[in-house]
Structure formats: C-alpha cells, structure tokens
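Student: Please see the structure below; I have some questions.
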Amino acid sequence: MPIILENVSFSYSKKTPLETSALREINLRIEKGEFVGILGEKGAGKSTLTKLFNGIFKPETGIVRVDGLDPSSREAKRKIGMVFQQAADQLFCKTVYEEIAFGPLNFGYSKKETEQRVYEAIEAVSLDQTELSRDPFSLSGGEMQRVALASALALRPDYLVLDEPITGLDPIGKNDILKTLNRIKEKGTAVITVTHNLKGFFPLLEKIVLLREGRIAFQGSRESYLKKGFEPLPPIASMMKELGVRGLPVNLTVFTVEDALEEIMKLKSILGTDNNENK
Amino acid sequence: MIRLEKVSYSYPDGTPALENLNLVIKKGEFIGIIGKNGSGKSTLALQLSGLLKPQAGRVMIRGMDTRDPSKLPEIRKFVGIVFQNPETQFVGRTVEEDLAFGPENLCFSPMEIRKCVDMALAETGLEKYRHRSPKTLSGGQGQCSALAGVLAMRPECLIFDEVTSMLDPESGISVMEIIKKLHRKGKTIVYITHNLEELHDADRIIVMEKGKVMLEGEPKSIFSDISLKTLGFDLPSLIELAETLKTHGVIIPWEKTASPQSFAEEICQLFLKT
Ligand SMILES: Nc1ncnc2c1ncn2[C@@H]1O[C@H](COP(=O)(O)OP(=O)(O)O)[C@@H](O)[C@H]1O
Ligand SMILES: Nc1ncnc2c1ncn2[C@@H]1O[C@H](COP(=O)(O)OP(=O)(O)O)[C@@H](O)[C@H]1O
Ligand SMILES: [Mg+2]
Ligand SMILES: [Mg+2]
C-alpha cells in the first residue's frame, strides 16, 4: 500500500495577516520501495510536504493516507521515519545509544528487542559500536546525520523521509550517506528525499516530484522528467539540454559522464560525415 | 601580504589542527581552500584573521605579527571573516544596527560609520532590508547581511568559511556573485568550500589534509590531479567530461568547462564548423 495525498492544501498562520499558502491541490502517490526525489526552488513547499507525510502538519483540505491510515496515528508513525534538515535539532539524548533506542522504547519494544534494533540500525548506517557511548553533540555533521538516520531506521519504517540529508557535509560524508540510502532502498524501504544536490542524488532517483510555488509541476519517472526538459538538472543533463537547444540531435535522458561521452562521440561521427559531404 | 611560516596549532584539549604549515597569500588573490572535515580549514581561517595565534611559527599580516597584542586592532581592520551560520554573528536589532557594530568597535567616527554601513548595504544589495531584524532574513539574505557586517569595516582581505554550504543553489550563486565582484574590485579573498564548482575561476586552490597543505596550484592543474580523487573528492562533472573527451581527441578548453552553456557552445563550435 502507498502514501496517498488527495487534493491537499496547506497554509501557515491560517486566518492571520501572515497567512502563507504553502501547498495547493497536491495529488501524489508514493509506492512502497520507491526512491523519490522532491525537487523545487527555495520556498516551493518541499519541507512542508514532508511534514504532511508523518502528521506533524494536518492538511487544510484534502486527505493524507499512509497505507490507508491517518498519518498522525501511532500505527502510521511507526511506518514513517523522518530525518530533518538539521540533524542536530533532532538529537536530544546523552548518548548515541539512547538516541537510537528512544523510538523503539517509546513504541513499547522490550529492552532486548530494542538493543537488537539499535545494532541493526548502526550497521545499516555503518556507525561503529564504539560510537554508541559518545555524546551525539560531540559528533561531526556527517556522523550526526548518520545517528539521525539510524534513529529513524530503528523503527524499521516502510518509508524513510529526509529533508536535504547531505547539505553541508564534506564530500566523504555525502558519498557515505548516498551509499547508505541506496542500501536501505535495496532492502525494500521507500526513500523519499528533498534535495538540491542533483549531482549526488540523480543516479538514485526513480521518481521525481517537482514543486513550484506550492503546486506539483511534475511527477513521474526520472526519464520522463528529463525528456520533458524540466529543471533543475544535474550539470551533465543540463549540458545535453543546451546541446538540444542549439539544434543538435541529442538524447536528453543522458546525465552521467560515461553516457555523455558516448553521446558526444556519436554526434562527432554523425556531424563529421555531414561536413565531409558538404565539402 | 599574509604569510604563514611553519605554523603549528593544537586546541586546548590537545587536538592537533595545523602542523608546520607554510602559506603565502598575495594581494588581490582569490584563493580557494578545500579539504575533508577536520583537515584544519577553519583553524587556518582563524589564524589568517588573527583570532587564533600559533603555538609555533608565526602569522604575518601585512608585516604585523598576530602574536603582538598591540597590532590586533589594526589586524581586525585589515581582515574580515564570514562563517557558515550567520545567525551566530548577529548582534543588532536591525540589519543597519548590526552593520554599525563593527565600525563602532573600531572607533570609526559617526560620519564614517554612516558611510561604511551605506556602502556595505549597497554592495550586498540589502538596502531594502536595513530596518529589518537580521533574525527574520532568509538563509541567503542572512549570509549577505553577515558579509555586509564584515564589509562595513572596510577590510582588504575577506575570509569565507563554507558560507554557501547551507544555502539553496540560487542563494548560493547570488552570494558567490557578490564575492566575485568584491574580488574584481581588488579585495583579497580566501574562500573555503566543499563545492569545487565554486572554485573554477579561483587564482589558486589549496588542498588541506591533516593540518598541512597537501596540494596547491591553479584550478586547472588541481582538478586534473588524480590524488584529489584518492582524497574523496569528486571532480565537477563537466571537468570530468572534458578530461574524458580529451582522451578521445575532443579538446574542450578549460574556460569552457565553467558552465553547461559554455560547454555546449564549444561542442557546437567544434562539430558544426565547416
Ligand atoms: N513556519 C512557517 N511559518 C510561516 N510560513 C512558512 C513557515 N515555514 C515555511 N513557510 C512558507 O511556506 C512556503 C513553503 O516553505 P517550505 O516548505 O519551507 O519550502 P522549501 O522547503 O521548498 O524551501 C514558503 O513560502 C515559506 O516562506
Ligand atoms: N574548538 C575546538 N576544540 C578542540 N578541537 C577542535 C576545535 N575545533 C576544531 N578542532 C579539531 O581540530 C581539527 C581541525 O579542525 P577544523 O579546523 O575545524 O577543520 P575543518 O574546518 O577542515 O573541518 C579537527 O581534528 C577538529 O576536530
Ligand atoms: Mg526546505
Ligand atoms: Mg570547518
């Protein structure tokens, strides 16, 4: 069963002079096991959307259902793991162990079951056991991000929702988190992430949801997003689009260096022959 | 203009951060600094601005030794630093008040303060926010305001420590444009980042590793150095594509790898010329 949003709208500071409409008429469906990217400019409504998935916000109109359940119900909360933009804001325990154990204990799992889940979670995010006794606030940005991820995973969620999980990390931290998310997805958990980092995430995304001024501008496969020329794009895809704009016959679905090389060499041979014939 | 000679520094808890580091920064240069977390970039930035003093070796800023307390006011005037999280730097109730704080501390006259604040607001495009509380600004505006706060002190040299890393791409680009303009006007810029794309036009790039300078050179040579990959860095995709194309006999000049537009333009030139 999926996450479904039907005709959902949401405003901040409703009925005050500061009322801001953040989302309008959102219809969305996210299946189990998908890797979904939520894209869009600053203020497009991406963070607000993630907070509707797990019931932090209630829609003003329309409905949100997680596997048929109300997202603010206890049962639904167990199905959705959240990692917020600033992982540090989400941590509050004295040790990494307590931090990761918090969710399972809160949901009434036994000490033994909880311990098992903590170890499973740190393995999934490749945190070392020796880190469990550390103070989460003494960790680096990348490590904090992994602890926040592990806390979310300890509930064995069906859907993992993340808001810009690699923003601000160093290149090693970024690649680590990307690999981890890919592994989590391979094991069957849906990964739904807001991101500006297209270079890092594009190879992983199966589906793209593009928000523009609170509305859905596109939702569908990565391939159709590329074919239809939506933006933002990772640098290589952006370059391919520019070639297309200049009238060259290119494959717009190309976004990796290897594929671009092949495309450009193909162009070279086609156009090279044309030139010779012209002479 | 700034010279580090055999600088070593460990934090009070004993963590070593810089080891025997040598570096010269010339007037008007745009220097990019990259390196993994914990490689010592921020510590270096603090040394360059006189906020930390070396335990061994010395840091000379326009002939002034940062260990000489009598030179500190002069050094403060000469070097400004902007950090990743601007919130931690705000002190004033309005943007304008916030910008006046630095020049006031440097004992500028009220008239000078007025002039410096106005210039800083103009240079960062923040005139219309002058009466707003800095805490209500968006990420990008906040970062501009922190930059304006530093500009109000009219420093010659500006140090930026991961100022765009928490911003969305559009805000990051606009902050970067302001910084590039300051560089064109003659300011010396030291720019710390994880985003190599931002350093395409830098005069020089320093790669830090374990408190030392591991590589140093023009972007062109640094980006083609394979040791960068072993340090965990991914090259900007367009540069990587240009490198791969080169091995297939298609040469894209360095300047053309700066943007998807210029890259595509060059491919067209190459393939469509008759
Ligand atoms: N707590 C809030 N109070 C009032 N308005 C808000 C709040 N959070 C976000 N907004 C507004 O809602 C819109 C969508 O914001 P957000 O979901 O944070 O966008 P994104 O994550 O895509 O940058 C923006 O116009 C933003 O200014
Ligand atoms: N205030 C501090 N106290 C103790 N150790 C610190 C402090 N700040 C940084 N360090 C340590 O100094 C080393 C260099 O850190 P830093 O200069 O912040 O690196 P970077 O900016 O490249 O991430 C790291 O090992 C870091 O953990
Ligand atoms: Mg957001
Ligand atoms: Mg740093």
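The values are calculated or read from the model by the stated rules, or taken from the named source; none is laboratory data. Everything numeric here is computed off the predicted structure, so don't read it as measured data. Note that each Cβ is placed from the backbone with ideal geometry, even for glycine, and that neighbours are counted across all protein chains shown. Protein only, heavy atoms only, side chains kept; ligands, DNA and RNA dropped before computing areas. Shrake-Rupley method; radii C 1.70, N 1.55, O 1.52, S 1.80 Å.
Student: Just one of A:GLU242, A:GLU223 is of a type outside the set (Ser, Thr, Tyr), within 18 Å of A:ILE38 (Cβ to Cβ) and open to solvent by 20 Å² or more (accessible area, probe 1.4 Å); which is it?
Tutor: Details: A:GLU242 fails: within 18 Å of A:ILE38 (Cβ to Cβ).
A:GLU223 is the lone residue from the list that is of a type outside the set (Ser, Thr, Tyr), within 18 Å of A:ILE38 (Cβ to Cβ) and open to solvent by 20 Å² or more (accessible area, probe 1.4 Å).
Student: While we're on this one: Please work out which residue is surrounded by the most Cβ atoms within 10 Å (Cβ to Cβ), limiting yourself to the range A:160-180 and to residues that are in contact (Cβ under 8 Å) with a residue 40 or more places away in the chain and either within 16 Å of ligand 1 (Cβ to nearest atom) or more than 14 Å from chain B (Cβ to nearest Cβ) (or both). Can you show your working first?
Tutor: Taking the range A:160-180 as the starting set, the residues that turn out to be in contact (Cβ under 8 Å) with a residue 40 or more places away in the chain are A:160-165, A:167, A:176, A:180.
Within this subset, residues satisfying the condition of being either within 16 Å of ligand 1 (Cβ to nearest atom) or more than 14 Å from chain B (Cβ to nearest Cβ) (or both) are A:160-165, A:167, A:180.
Values: A:LEU160: 23, A:VAL161: 25, A:LEU162: 25, A:ASP163: 21, A:GLU164: 21, A:PRO165: 28, A:THR167: 19, A:THR180: 21.
My answer is A:PRO165.
Student: Looking at the range B:255-274 only, could you name the residues that are at the interface with chain A (Cβ under 7 Å from one of its Cβ atoms), modelled with pLDDT of 95 or more and open to solvent by 30 Å² or more (accessible area, probe 1.4 Å)?
Tutor: The answer is B:GLN261, and nothing else.
Student: Among the candidates B:GLY217, B:GLY249, B:GLY232, B:GLY211, single out the residue that is closer than 24 Å to B:ASN20 by Cβ, surrounded by fewer than 18 Cβ atoms within 10 Å (Cβ to Cβ) and either in contact with a Pro (Cβ under 8 Å, 6 or more places away or on another chain) or not assigned by the TED database to the domain that holds B:SER171 (or both). It would help to see each step written out before you state the result.
Tutor: Working: B:GLY217 fails: either in contact with a Pro (Cβ under 8 Å, 6 or more places away or on another chain) or not assigned by the TED database to the domain that holds B:SER171 (or both); B:GLY249 fails: closer than 24 Å to B:ASN20 by Cβ; B:GLY211 fails: surrounded by fewer than 18 Cβ atoms within 10 Å (Cβ to Cβ).
After ruling out the rest, the residue left standing is B:GLY232.
Student: Criterion first (under 28 Å from A:SER138 (Cα atoms), without any contact (Cβ under 8 Å) to a residue 12 or more places away in the chain and either within 16 Å of ligand 4 (Cβ to nearest atom) or in the same structural domain as B:THR164 (by the TED database) (or both)) does B:PRO12 satisfy it?
Tutor: Values: under 28 Å from A:SER138 (Cα atoms): yes; without any contact (Cβ under 8 Å) to a residue 12 or more places away in the chain: yes; either within 16 Å of ligand 4 (Cβ to nearest atom) or in the same structural domain as B:THR164 (by the TED database) (or both): yes.
Taking the combined requirement at face value, the residue satisfies it.
Student: A:ALA152 versus (1) open to solvent by 20 Å² or more (accessible area, probe 1.4 Å); (2) in contact with a strand residue (DSSP E or B) (Cβ under 8 Å, 6 or more places away or on another chain); (3) of a type outside the set (Asp, Glu): which is the lone unmet condition?
Tutor: It fails just one condition, (1).
Student: Any idea which residue in the range A:103-159 is farthest from the chain's Cα centre (by Cα), counting only those that are part of a loop (DSSP other than H, G, I, E, B), free of Cβ contacts under 8 Å to residues at least 40 places away in the same chain and on the phi < 0 side of the Ramachandran plot? Walk me through it before giving the result.
Tutor: In the first step, residues of the range A:103-159 are kept if they are part of a loop (DSSP other than H, G, I, E, B); the result is A:107-110, A:125-128, A:134-135, A:139-140, A:154-158.
Applying the additional criterion that residues be free of Cβ contacts under 8 Å to residues at least 40 places away in the same chain yields A:108-110, A:127-128, A:134, A:140, A:156.
From what's left, on the phi < 0 side of the Ramachandran plot: A:109-110, A:127-128, A:134, A:140.
Values: A:TYR109: 28, A:SER110: 31, A:LEU127: 21, A:ASP128: 25, A:ARG134: 28, A:SER140: 21 Å.
Restricting to residues being part of a loop (DSSP other than H, G, I, E, B), free of Cβ contacts under 8 Å to residues at least 40 places away in the same chain and on the phi < 0 side of the Ramachandran plot, the top hit is A:SER110.
Student: Would you check which residues across the range B:143-160 are assigned to a helix (DSSP H, G or I) and out of contact with any Leu (no Cβ under 9 Å at 6 or more places or on another chain) and list them?
Tutor: Of the residues in the range B:143-160, the ones assigned to a helix (DSSP H, G or I) are B:143-151.
B:ALA146 - this is the single residue of the range B:143-160 that is assigned to a helix (DSSP H, G or I) and out of contact with any Leu (no Cβ under 9 Å at 6 or more places or on another chain).
Student: Scan A:GLU186, A:GLU206, A:GLU262 and give me the residue that is without any contact (Cβ under 8 Å) to a residue 12 or more places away in the chain, open to solvent by 50 Å² or more (accessible area, probe 1.4 Å), more than 11 Å from chain B (Cβ to nearest Cβ) and away from ligand 4 (no atom under 16 Å from the Cβ).
Tutor: Details: A:GLU206 fails: without any contact (Cβ under 8 Å) to a residue 12 or more places away in the chain; A:GLU262 fails: more than 11 Å from chain B (Cβ to nearest Cβ).
Unique residue meeting the criteria: A:GLU186.
Student: Shifting gears a bit: Only one of B:ASP201, B:ASP161 is of a type in the set (Asp, Glu), closer than 27 Å to B:GLU97 by Cα and more than 16 Å from ligand 1 (Cβ to nearest atom); which?
Tutor: On the way: B:ASP201 fails: closer than 27 Å to B:GLU97 by Cα.
The unique qualifying residue is B:ASP161.
Student: While we're on this one: Quick check on my filter: what residues within the range B:20-46 are open to solvent by 10 Å² or more (accessible area, probe 1.4 Å) and in contact with a Pro (Cβ under 8 Å, 6 or more places away or on another chain)?
Tutor: Selection gives B:LYS36 alone.
Student: Among (1) surrounded by fewer than 16 Cβ atoms within 10 Å (Cβ to Cβ); (2) at the interface with chain B (Cβ under 9 Å from one of its Cβ atoms), where does A:GLY229 come up short?
Tutor: Failing condition for A:GLY229: (2).
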